[in-house]
Amino acid sequence: MSDSALCQSILITDDNDGVRDALIAALKSNGYEATGARNGKDAISKLSGLKGPTLIFLDLMMPVLDGWQALEVWSRDPQFSQNKVVTISAVNLKSRADAKIPRNTVDRLQKPLTFKSVFQLVQKFCGPSGASIAGANAAAGALHP
Amino acid sequence: MTQNEVGDFLRLLAHDLQNQMGAVDLNLQIIPTLLNDDDPTLQTIHPFLSRAALAATDLTETLIDLQTFAQLMSTDGASVATTAAPPLTVLNLSSKVHDCGLALASAARNRNVQLQVTPGQNILALGASDCVRRAIKILVTEALRGSFPDSLVTVACLSVPSPTIEISSSQDGLFEEHRVTLAVFLAKKLLESSLVRLDYPSTPSQSTLRLVWKASQL
């Protein structure tokens, strides 16, 4: 699979139920195939069942298995390179010196997340969906320019 | 409770509240995207959603300030002002002011407040880099939050008579020596190790706070 292939599914990995569920619902209402995972272990388990390649939004600080640990596991899987990863971290979070960041980490977002920033990345890596893209962009931009 | 325990509690509290606030804010952002642009309901509810989003942003910023305070009560039990003080280095205050302006440009636009930044040229002073950066950001954010729409907030870096960062708002009553807000309290703690004095040269029409370094530190 080439690096430029559009992602066919989205995996939102965040231990914050409210954030995760809101993003999944919003992306689904815009015609995207979106699934959630509550931690790194859950994400690793779910990824194999998703239509690839997958755009993975990955919170770095999570219980059970954090984002860095999940990236470590994924970096040993040659099949993983077809997916795209966007890491999510808090403002004051320093990068781990020993962290292995895969080459397919395409962007980094800082908390608090804005729907606009997530949606722009989804459109970039998954392409426009069949739903009202212009409306989503205009409304999201007007509220948080 | 020991100071460590208080610090840990505040940090965890701030983290949890931030997460919850993040979820509220995100849902507020998503709501208008579910309506068509020409839907009259969208026009009606948009101002309410904007205000709710702004309140969510304010609360998130307060929680970040709370986390900052909790970090100051560091895990080794010492505060920034004692033996665990961060190292002092030569800082380019002009760069710090410039970067702060960039970081807060969209926050100013969201509030319809004009942010004017005059960083000067390579004005240097001795200080704890991260603490100074955070203090400037906290105080400029405070000025933006406290200013009415269409106000002007200016941030300037001056070299005479000594390295100084001046934060002003055309909104009066913002910075007053006898009224210590959470932001000013935090900024003072952060700036302790950098030996910065806070001055309040406000006038009836303008509220000003100056962070003043000693002359000839370098």
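Take chain B, compute every pairwise Cα distance, and split them into 5 Å bins from 0; I just need the percent in each bin.
Per 5 Å bin, starting at 0, the Cα pair percentages come out as 1, 7, 13, 16, 18, 15, 12, 8, 5, 3, 2, 1, 0.
Leaving out ligands, DNA and RNA but keeping every protein chain, what accessible area does A:CYS7 have, in Å² rounded to the nearest 10, with a 1.4 Å probe?
10 Å²
Pop out a list of residues from the range B:6-23 that are at least 50 Å² less accessible with all the protein chains around than in their chain alone; 1.4 Å probe, no ligands or nucleic acids counted.
With the partner chains in place, the range B:6-23 has these residues losing at least 50 Å²: B:ASN19.
Between B:THR89, B:THR60, B:THR118, which gets the highest mean-square fluctuation from a Gaussian network model of chain B, Cα cutoff 10 Å?
Greatest mean-square fluctuation among the candidates belongs to B:THR89.
Express in Å², to the nearest 10, the accessible area of B:SER194 obtained by rolling a 1.4 Å probe over the protein heavy atoms while all chains stay in place.
0 Å²
How big is the A/B interface in buried accessible area, both sides summed, 1.4 Å probe, to the nearest 100 Å²?
Using a 1.4 Å probe, the pair buries roughly 2000 Å².
How large is log10 of I(q)/I(0) for the range B:161-218 at q = 0.24, 0.25, 0.28 Å⁻¹ when the intensity is taken from the Debye formula with one equal scatterer per alpha-carbon?
-1.00, -1.05, -1.19
Which entries of B:LYS96/B:LYS189; A:LYS28/A:LYS116; A:LYS51/A:LYS111 show an alpha-carbon separation above 24 angstrom in the structure shown?
With Cα atoms farther than 24 Å apart: A:LYS51/A:LYS111.
Sorted by average packing, counted as other Cβ atoms within 10 angstrom per residue and highest first, what order do A:71-80, A:26-35 take?
Per-residue Cβ counts within 10 Å, averaged per peptide and sorted highest first, yield A:26-35, A:71-80.
Roughly how crowded by other chains is peptide A:109-119, in terms of the mean Cβ count from those chains within 10 Å of each of its Cβ atoms?
Average per residue, whole number: 4.
Equivalent-ellipsoid semi-axes (√(5λ), Cα gyration tensor) for the range B:103-198, whole Å, largest first?
Whole-Å semi-axes of the equivalent ellipsoid: 22, 16, 12.
Ordering A:ARG38, B:ARG11, B:ARG109, B:ARG134 from largest to smallest accessible area (1.4 angstrom probe), what's the sequence?
B:ARG109, A:ARG38, B:ARG11, B:ARG134
For peptide B:36-49, how many partner chain Cβ atoms fall within 10 Å of a residue's Cβ, on average?
Whole-number average of other-chain Cβ neighbours for B:36-49 is 2.
Which net charge results for the neighbourhood of B:LEU102, defined as the other residues with beta-carbon distances under 14 angstrom from its beta-carbon, given Lys and Arg at +1 and Asp and Glu at -1?
Here the charged neighbours net out to +3.
Tell me the carbon and sulfur percent of the accessible area for the range B:42-179, rounded to whole percent, probe radius 1.4 Å.
57 percent
For the range B:29-157, with the dipole built from +1 on Lys and Arg beta-carbon atoms and -1 on Asp and Glu ones, taken about the Cα centre, which of B:SER95, B:PRO47, B:VAL153 lies farthest toward the positive end?
B:SER95
Limiting things to C-alpha atoms, what are the Rg and the maximum Cα-Cα separation (Dmax) for the protein assembly as shown, in angstroms?
Computed over the Cα atoms of the protein assembly as shown, radius of gyration and Dmax are 22.6, 67 Å.
I need the shape label for the range A:12-52. Rule: rounded when a/c is under 1.5, else prolate if a/b > b/c, else oblate, with a, b, c from the alpha carbon gyration tensor.
Here the range A:12-52 falls in the oblate category.
Counting partner chain Cβ atoms within 10 Å of every residue's Cβ in B:188-195, what's the average?
Across the residues of B:188-195, the mean count of other-chain Cβ atoms within 10 Å is 0.
Give the peptides B:34-43, B:145-154 in descending order of average Cβ contacts within 10 Å, highest first.
With the highest mean Cβ count within 10 Å placed first, the list reads B:145-154, B:34-43.
The values are calculated or read from the model by the stated rules, or taken from the named source; none is laboratory data. Since the model is a prediction, treat every value here as computed from it, not as a measurement. As a convention, Cβ positions derive from the backbone with ideal geometry for all residues, glycine included, and neighbour counts pool all protein chains shown. Side chains are part of the model used for accessible areas, which takes the heavy atoms of the whole protein and leaves out ligands, DNA and RNA. Shrake-Rupley method; radii C 1.70, N 1.55, O 1.52, S 1.80 Å.
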